[in-house]
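Q: After the structure tokens below, expect a handful of questions from me.
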Amino acid sequence: MTYSMTAFARRETEIEAGTLSVEVRSVNHRYLEPSFRLPDTLKPVEMSLRERLKKQVKRGKVDVQMRFYLAQTEAGLDVNLDRLQALGGALDKVRQTILDSAAPNALDLLQWPGVLAEANVDMDQVFAESKSLFDTALKDFLAHRQREGEELAAALRERLDGIETIVAEVRKEVPEWVETFRDNLRAKAQQLSVDLEPERLEQEVVLLAQKADVAEELDRLDTHCQEVRHILKAKGAVGRRLDFLMQEFTREANTLGSKATNSRVTQASVDLKVLIEQMREQVQNIE
């Protein structure tokens, strides 16, 4: 199964204590690089979420953002009178010492830590719900990566078909090259008024045929195509293996071009390089 390294998922749920939301997104990266942004109240679950992610994802720069909005209950808006009186006494001392100090307004006083009574929140439940929500979002995230991965695999197979077609066409023309070499040598000999002996002619034809022999390159291109198809059916992260094969494809296409003895082979080498480069760009997105 082929997975893409780019994906996005978002989930939100209402719980007794408030609202939890999580976003998971990723882009290409050579290794797995997770980044978590959680509020302080959810920091205790970060390690567990990281472990969950590492079990499912092998490559990519993955950003996870989780938010927790506390429900506004009546208990959450109660004023802690003891705390407020203590704060007022402290402010009186400040004004006695610094006569021109400005008095805070009511909103400033409510924002002082401990003045508003905190709601009684069961954090164990919040932690459990946050893990469950992350698991759901991670499932959506992986499904997105799988859908895109299948599209990438289809694009690769289409290019492989093109490469195999070019290889088959060149292979079909190879037997004709020997006769072409022989005809060209005879024509040149006639132009130069040279009496070319049959044995010498055949020796020259053999030398030219050896220099232009591309059977090995064609065989390796076919083998690489078969290996890519095999890898696309394999489980786990396959992007690096595919990236290596793209280098091998390029090497064979270059060698084929360097041995070209006619415009058809030169054009075949160029067409191969175009298809290989298109595959290489797609492979960069595969996990």
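Where a number appears in this text, it was derived from the coordinates with a stated rule and is not lab data. Being a predicted model, the structure only gives us computed values, none of them experimental. For neighbour counting, all protein chains shown are included, and Cβ atoms are generated from backbone atoms with ideal geometry for every residue, glycine included.
Q: Using R₀ = 25 Å, calculate the FRET efficiency as 1/(1 + (r/R₀)^6) where r is the Cβ-Cβ separation of Thr261 and Glu169; round to 0.05.
A: The computed FRET efficiency comes out at 0.95.
Q: Modelling each spin label as a point 7 Å along the Cα-to-Cβ direction, I'd like the Ser48/Gln125 distance in nm, to one decimal.
A: 1.6
Q: Measure off 7 Å from each Cα along the Cα-to-Cβ vector at Asp63 and Asp222, then give the distance between these two points in nanometres to one decimal.
A: 4.8
Q: If I stretch the segment between Arg37 and Asp271 completely, what's the gain in nm (0.36 nm per residue apart, minus their alpha carbon distance), one decimal?
A: Extra length available between Arg37 and Asp271 comes to 79.6 nm.
Q: Among the listed pairs Lys172/Lys233; Lys235/Lys273; Lys54/Lys139; Lys43/Lys235; Lys131/Lys233, give every one whose C-alpha distance is greater than 25 Å.
A: Lys172/Lys233; Lys235/Lys273; Lys43/Lys235; Lys131/Lys233
Q: Distance in nm between label sites at Asp108 and Asp92, each 7 Å beyond Cα in the beta-carbon direction?
A: The answer from the label model is 1.9 nm.
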